[in-house]
1. Using only alpha carbon pairs under 8 Å that are at least six residues apart, calculate the relative contact order of the chain and give it in whole percent.
2. Evaluate the charge dipole of region 197-303 about its Cα centre and quote only its size in Debye, nearest 20, assuming +1 on the Cβ of each Lys and Arg and -1 on the Cβ of each Asp and Glu.
3. Work out which helices of the chain, taken as complete DSSP H runs, extend at least 27 Å along their axis over the Cα atoms and score a mean Kyte-Doolittle of -1.0 or more, then list them.
4. Mind listing the Cα extents of region 157-299 along all three principal axes, in Å, largest one first?
5. Quick one: with all protein chains in place, what share of the accessible area of region 166-257 is carbon or sulfur, to the nearest percent (1.4 Å probe)?
6. With every protein chain present, what is the per residue accessible area of region 173-217 (1.4 Å probe, Å²)?
7. Which residue, Gly189, Gly403, Gly356, has the most motion in a Gaussian network model of the chain that connects Cα atoms within less than 10 Å?
8. Can you list the chymotrypsin sites (Phe, Trp or Tyr not before Pro) in region 328-416 that are in a DSSP coil and have 10 or fewer other beta carbons within 10 angstrom?
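The values are calculated or read from the model by the stated rules, or taken from the named source; none is laboratory data. Everything numeric here is computed off the predicted structure, so don't read it as measured data. Neighbour counts run over all protein chains shown; Cβ positions are idealised from the backbone, glycine included. Only protein heavy atoms, including side chains, enter the accessible area calculation; ligands, DNA and RNA are left aside. Shrake-Rupley method; radii C 1.70, N 1.55, O 1.52, S 1.80 Å.
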Amino acid sequence: MSNSEKTRNPAYTPQEAAPSRRFPLRELLLFGVLLVAILAVYAIMGAAYSTRMLVEAACYAILALGLTIQWGYAGQFNAGVMGFVALGGFCAMFFSVPVNDAFWDTALPGEFGRVLLYGAAAILLIVGASKLDRLGVPKPLRTFIAVMLAVVLYLVVINQLREVTDAIENQAGFVGGLGLPPWIGWIVGGALAGGVGYFIGHICLGLRSDYLAIATLGIAEIIKAFLKNSDWLTRGTATVSPLPWPTPGPAELGFTLSRAIYLSFTAVIIAVIFFLLNRAYNAPWGRMIRAIRDNEVSAAAMGKDINKRRLEIFVLGCILMGLGGGILGTFNSLFDPQGYLPLNHTFLVLVMVILGGPGNNLGTIFGAVAVYIIWIMSEPLALFLMQLAVSFGEGAFGWDAPGNMDSRALQARVLVIGLLITMVLRFAPKGLLPEKIKSHS
């Protein structure tokens, strides 16, 4: 239909002039290559090993989705993913492991509750002291009173708490769990991570992105240190295992089938999260978040509440990190506070988002699965190449084989991921599946 016919035809509507949607050739090619890689891993490593790898990759995909909405949607660089993952794992453990009768059948719960009441009363007193200026007390004097009261009450409460926790460790080992379904712990873990994220964001989101990264990194280490040193709560370095699954475990169905069912369960959760995030991204709320990211001054001039929206997106990302941490901890059937490492639970997630494309939910899922496969398979591949080189060297040059090839092959993971992120930043700085910017002109 020519332009003149369009203007003369009263039945013509602007929808007829809308451009056709682009054929997703790049997406199909990338996911096709990823599928071939997964099939190759199944053929080489076996079904049980490969299915376990896919379940862990799916859990990391949830973590990466949490980071991509913070960094990709709102431009917030969160360097403390590890802390929120640890909170999710702790809640999964605490709510699912059996009840410890050695703790609950004694007077220890009452004593512990009494200390918690002391702590709550101390917080109320400190908050009240911080409001003394409303009664006419000068602000410098108010601040001095609040600080001194906080120090004194902290020493009193922490002394009482140490007495109770020492008694718990001596008489019961640790407090145990609640014996509830694991999925309750996942939900509470997400809520706890979101609550901590709200506290952090309320204080730190006014900082520049580099200072926000430093703050979140420090708080993540504080969370890890607390969980590792609270033997009365988490058994510390002694770990807690096994953690029950919400699906039939290996004892009932065998490793391969039970892991496949867990993978299906996790895939459904990812599908729900993906659907909700896509709806939010294309909704007015999502366009407002991206407008704040792209030009904060213009968004503020349009009357948008910048701090409130940034806090919302930060809390939402933390909730997903806590949820993913709970699902991952349950699948591993182990809670080890010492096992949460910045390399594995922060930097690796960051690489996943960079590879897939910040702000692109589908690209983030692709990046999570692809990077985790590379992360896992780089060790056996490096070991194979080392053994091949050693065999050639022994036959041709009389070399002696090193005795620590396994540990050297393990370190190849870091080298491979470093090369990967360097190549991506050089040749595809926006990721393999960049965020699609739609024009609304």
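1. Details: 587 pairs, mean separation 125.4, N = 441.
Across the chain, relative contact order equals 28 percent.
2. Numbers: 9 positive and 6 negative charges, 30 e Å.
So the dipole magnitude of region 197-303 works out to roughly 140 debye.
3. Numbers: long enough: 25-45 (30 Å, 2.31); 47-68 (30 Å, 1.18); 108-129 (32 Å, 1.54); 139-171 (47 Å, 0.79); 182-204 (32 Å, 1.23); 209-229 (30 Å, 0.85); 255-282 (40 Å, 1.37); 306-332 (39 Å, 0.91); 361-396 (51 Å, 1.36); 405-427 (33 Å, 1.23).
Once both thresholds are applied, what remains is 25-45, 47-68, 108-129, 139-171, 182-204, 209-229, 255-282, 306-332, 361-396, 405-427.
4. 61, 48, 21
5. Numbers: 3080 of 4730 Å².
Carbon and sulfur atoms account for 65 percent of the accessible area of region 166-257.
6. Values: 2170 Å² over 45 residues.
On a per-residue basis, 48 Å².
7. Looking only at Gly189, Gly403, Gly356, the biggest GNM fluctuation is shown by Gly403.
8. When the chymotrypsin sites (Phe, Trp or Tyr not before Pro) of region 328-416 are filtered for loop state and at most 10 Cβ neighbours within 10 Å, Phe397 remain.
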